[in-house]
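Below you'll find the structure, written out as structure tokens, and then a few comments.
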Amino acid sequence: MGIGAYSEAVEAAAYVRGRTRLRPRIAVVLGSGLGGFGYSLEEMKHLRFSEIPHFPVSTVYGHGGQMAFGKVNGTEVAVMQGRVHSYEGFKPQHVAFPMRMLKLFGVEKLILTNAAGGIREGLQHGDLMLINDHINLSGRNPLVGPNDERFGPRFIDMTDAYSPRLRAMAQEIAKSQGFALKEGVYMSVLGPSFETPAEIRAFRTLGADVVGMSTVLESISARHLGMEVMGISCVTNLAAGLQDTPLSHEEVLVTGARVEEKLQGLLKAIIARLGAEVGTEAVTE
Ligand code: HPA
């Protein structure tokens with residue numbers, strides 16, 4: 001595994017290009033327990049992360065560890081079944097590496113999904129929440145260090161990090177599918193311990209609606225790369241102190257599996273809609 005240098009991202013993207021004829025402009029990252037979408041594509045092909053040069057590989061149970069390439073209603077898509085997290089010991093540049101590879105591979109639109117604990121009153125197990133903003137409490141940032149202008153500028157605006165345009169599109173689609181897509185602020189923490197009830201009370205005061213251990217470094221990196229970003233949290237549990245049972249990774253996976261169908265339906269409709277915008281770059285060999 002490298003340090004996320006430009007040359008490494010170029011090498012990784014070239015390798016992936018050699019392994020699939022597809023040239024997707026849209027990518028999806030699937031969170032804990034949400035990997036099923038990567039098995040539901042047309043003309044599907046999988047590529048283990050461990051095969052891709054310099055690509056970071058997760059150690060967490062419930063994370064598939066592969067890329068899926070395929071189509072949704074004819075629209076090409078790249079899907080990461082699993083991701084790496086800072087709490088595994090990965091540096092922020094490692095967490096950002098797949099985004100950089102995807103950008104060099106041709107991806108322009110990124111949908112990040114995750115499992116999260118619900119903080120705001122009214123959020124329930126199995127709810128999907130569109131992320132409209134985040135609070136980065138992880139203490140990490142993938143843009144720390146010398147800036148490589150080939151990826152993006154030194155300072156980036158994060159005002160509309162989660163595209164208002166894509167959010168409106170997702171809301172419209174959810175409505176047409178007959179469910180209420182909640183919307184709110186994702187708070188990222190380092191983990192891997194779940195939070196204490198006192199921390200959750202503090203986070204609520206700070207303006208967090210859900211809490212999780214991923215996504216934020218990826219969205220910062222994707223914005224640096226100039227991608228259009230959407231984020232969807234699956235509320236797999238209520239945050240510490242808000243439910244009667246102890247928090248566990250098993251609960252996260254079980255709830256994730258339960259809401260997968262709804263998430264997949266939403267993702268498919270969003271991708272089909274985006275496909276009409278991006279077109280495809282045909283590969284003829
Ligand atoms: N806290 C942090 N991360 C999480 C949680 C949580 O309650 N649920 C799923 N990921």
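The values are calculated or read from the model by the stated rules, or taken from the named source; none is laboratory data. Here the structure is a predicted model, which means the values were calculated and not measured. In this analysis, Cβ positions are derived from the backbone assuming ideal geometry, glycine residues included, and neighbour counts consider all displayed protein chains. These area figures cover heavy atoms from the full protein model, side chains too; ligands, DNA and RNA do not enter into them. Shrake-Rupley method; radii C 1.70, N 1.55, O 1.52, S 1.80 Å.
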Open item on the list: Helix 249-278 against the longest principal axis of the chain: what's the angle in degrees, Cα atoms only, rounded to the nearest 10?
Closed with: 50
- [ ] Measure out, as a whole number of angstrom, how far apart the alpha-carbon centroids of the stretch 221-283 and the stretch 88-124 sit.
- [x] 10
TODO: Tell me what the chain gives for mean residue ellipticity at 222 nm when only DSSP H runs of n ≥ 4 count, each as -39,500 (n - 2.57), the sum divided by the residue total, rounded to 500 deg cm²/dmol.
DONE: -10500 deg cm²/dmol
Open item on the list: Once you keep just the Cα pairs under 8 angstrom separated by 6 or more residues, what percentage relative contact order results for the chain?
Closed with: 26
TODO: Return the sequence-ordered ³J(HN,Hα) values of the stretch 15-23 in whole Hz as given by the Karplus equation 6.51 cos²θ - 1.76 cosθ + 1.60 applied to θ = phi - 60°, using x for Gly and Pro.
DONE: 4, 4, 4, x, 9, 9, 7, 6, 10
Open item on the list: Counting other C-beta atoms within 10 Å, and keeping those with at most 15, which DSSP coil chymotrypsin sites (Phe, Trp or Tyr not before Pro) do you find in the stretch 178-232?
Closed with: 179
Task: Carbon + sulfur, % of accessible area of the chain - ligands and nucleic acids excluded, 1.4 Å - done: 52
Open item on the list: Beyond a 30 Å Cα-Cα separation, which of these cross-linked pairs lie in this structure: 109/182; 45/182; 109/262; 71/91; 91/262?
Closed with: 45/182; 71/91; 91/262
- [ ] Please grab the % of Cα pairs in the chain that end up more than 37 Å from each other.
- [x] 7
Open item on the list: Which one, 82, 126, 207, has the greatest fluctuation when you compute a Gaussian network model over the chain with C-alpha springs under 10 angstrom?
Closed with: 207
Task: DSSP beta bridges in the chain [antiparallel fraction, %, rounded to 5] - done: 40
